[in-house]
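The values are calculated or read from the model by the stated rules, or taken from the named source; none is laboratory data. None of these values were measured; they are calculated from a predicted model. A quick note on method: Cβ atoms are made from the backbone with ideal geometry, for glycine too, and the neighbour counts reach across all protein chains shown.
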Amino acid sequence: MLKLDSNLLKFNLSELVSSQEGKLQAILQDLEKRSTDQNDWLGWLALHNDSKVYAEIQAYADTVIKSNKFENLIVLGIGGSALGPQALIQALHSPLWNELSAEKRKNGLKVYFVDNVDPDWTHNLLNELNLEKSLFCVITKSGGTAETISAFLWAIDNLKKKIGNNWKDHLVLITDPEKGTLRAFANKENVKSFAVPPNVGGRFSVFSAVGLLPLALTGIQIEKFRAGLVEAYKDLVEKKDNLNSNIAISLACALIEADQKLGKKINPLMPYSSHLGRISDWYVQLVAESLGKTPQIGITPIKAVGATDQHSQLQLFAEGPLDKIIFFLKVTEFTHQFKVPETIIEGFADLAGETLNRLIEAQQKGTAQALAQKNVPSLTIEMSKINEENLAYLLFTFQLMTAVAGSLYGIDAFNQPGVELSKKYTYAFLGKAGYEQYLKDLK
Ligand code: PA5
């Protein structure tokens with residue numbers, strides 16, 4: 001479903017993978033074995049087996065859509081509890097989705113994300129939306145993230161005021177099946193909820209209810225993602241004989257080689273597609289939070305979008321410090337042909353009658369070649385079409401790449417102690433009970 005072109009890497013990727021075949025097979029076997037352990041963090045590897053969960057999510061979403069009760073979906077979540085659904089919604093829906101008529105959306109909900117605590121942004125968004133037509137989807141695995149819970153408390157308060165007794169019908173919660181304050185709330189108040197499996201961490205949760213429910217509520221058939229995951233699992237986890245054809249393994253090896261042997265500490269992911277722009281954001285979190293670990297390990301992922309960033313970051317990539325390995329993401333078959341009209345305007349003959357399809361392809365190839373001439377290594381991941389199956393395959397590939405790279409670095413790719421520490425200091429600065437020690441330590 002994906003193809004990898006590593007010709008411009010400046011090192012032989014196949015040889016690199018082959019030279020470590022035994023070690024890589026052992027890593028794959030270890031990850032696979034851990035995927036069924038409820039106390040580990042590899043549950044995302046096996047989410048394609050959850051057909052029942054997929055069906056439950058789809059059935060709930062279909063009922064909501066058919067009820068015609070809601071127009072807006074407001075997703076409250078941050079980090080791994082927001083970036084996955086944001087990326088997939090941008091990939092699959094029109095940029096004008098929220099402006100389309102209900103008929104054009106086939107009653108799929110418009111979707112808005114609150115993924116920050118910016119007072120103005122939050123005020124402007126929440127106060128402009130008609131709460132009577134709004135469903136809040138609250139996503140937090142831990143059930144206690146301050147950014148998410150503060151918006152959630154606003155929602156409860158305002159729903160009670162505006163909707164009255166039926167306020168709970170405007171909520172759907174996604175959290176741990178047993179632990180955390182939000183789960184306790186869902187159980188006590190009998191609010192509709194879905195679970196994030198205990199062995200699936202935030203940034204690996206896009207194919208659990210975290211990503212699937214918002215997508216299904218906009219009218220996407222989520223079973224198609226599962227089909228993509230089944231393929232990816234077969235190709236990338238089950239098949240262990242020829243690791244050279246395993247794109248996740250190849251990408252992991254390329255990252256480690258670039259970082260540890262060649263001193264390339266920066267890794268832009270540059271999809272040539274505006275629809276895939278937020279995949280870069282999702283990727284940045286996945287790689288940064290998973291691989292950036294003590295003792296000063298990690299490669300810095302960067303968001304870039306082609307061709308837009310040819311007019312922004314490319315100059316730096318080409319002539320700045322030689323510290324980057326670029327991953328291009330290329331779509332070979334766009335849904336639409338966009339033709340540049342024949343023109344009678346003098347001087348524009350080169351573009352007259354061209355298609356944007358040919359233009360974007362030439363720009364990606366041209367950029368990769370220009371970078372190669374400046375000794376900047378790059379590889380190109382080719383995806384045939386932007387659809388549910390391919391997106392699931394792609395995101396799974398990046399997740400597996402990250403897990404394998406974590407094993408090669410010898411770090412735990414699934415924790416985030418640096419983030420947890422900042423959460424504790426935040427509560428300490430707010431003067432919350434139980435966090436006094438953190439301020440004392442500062443003094
Ligand atoms: O990847 C992660 O684990 C984090 O980015 C979390 O998703 C983020 O901190 C939000 O946490 P939670 O889902 O518990 O609110």
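Points to keep in mind about this one:
- Lone qualifier among 353, 366 - being in the same structural domain as residue 282 (by TED's automatic domain parsing) and free of Cβ contacts under 8 Å to residues at least 12 places away in the same chain: 366
- Test: residue 226 is assigned to a helix (DSSP H, G or I), out of contact with any Leu (no Cβ under 7 Å at 6 or more places or on another chain), within 12 Å of the ligand (Cβ to nearest atom) and at pLDDT 95 or above: no
- Meets criteria (touching a residue at least 40 places away in the same chain (Cβ under 8 Å), in a loop (DSSP other than H, G, I, E, B) and within 21 Å of residue 277 (Cβ to Cβ)) for residue 381: no
- Residue 141 being within 16 Å of the ligand (Cβ to nearest atom), assigned to a loop (DSSP other than H, G, I, E, B) and at pLDDT 95 or above: yes
- Some residue of the range 244-267 being more than 16 Å from the ligand (Cβ to nearest atom), under 30 Å from residue 113 (Cβ atoms) and hydroxyl-bearing (Ser, Thr, Tyr): no
- Positions within the range 249-263 being of a type in the set (A, V, I, L, M, F, W, C) and in contact with a strand residue (DSSP E or B) (Cβ under 9 Å, 6 or more places away or on another chain), in sequence order: 251, 254, 255, 258
- Among the residues making up the range 146-196, a single one is touching a residue at least 60 places away in the same chain (Cβ under 8 Å), surrounded by fewer than 18 Cβ atoms within 10 Å (Cβ to Cβ) and either within 12 Å of the ligand (Cβ to nearest atom) or of a type in the set (A, V, I, L, M) (or both): 146.
- A single member of 389, 342, 420 is exposed (fewer than 13 other Cβ atoms within 10 Å of the Cβ) and either in a loop (DSSP other than H, G, I, E, B) or in contact with a Gly (Cβ under 8 Å, 6 or more places away or on another chain) (or both), and it is 342.
- The listed residues are 323, 281, 309, and the only one of them that is within 16 Å of the ligand (Cβ to nearest atom) and either within 24 Å of residue 375 (Cβ to Cβ) or touching a helix residue (DSSP H, G or I) at 6+ places or on another chain (Cβ under 8 Å) (or both) turns out to be 281.
- Taken as a whole, the range 118-127 holds no residue that is under 19 Å from residue 78 (Cα atoms), at pLDDT 95 or above, among the polar types (S, T, N, Q) and outside any helix (DSSP H, G or I).
This table checks each residue for (1) touching a Cys at 6+ places or on another chain (Cβ under 8 Å); (2) more than 16 Å from the ligand (Cβ to nearest atom); (3) among the small types (Gly, Ala, Ser).
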| site | (1), (2), (3) |
| --- | --- |
| 47 | no, no, no |
| 59 | no, yes, yes |
| 68 | no, yes, no |
| 81 | no, no, yes |
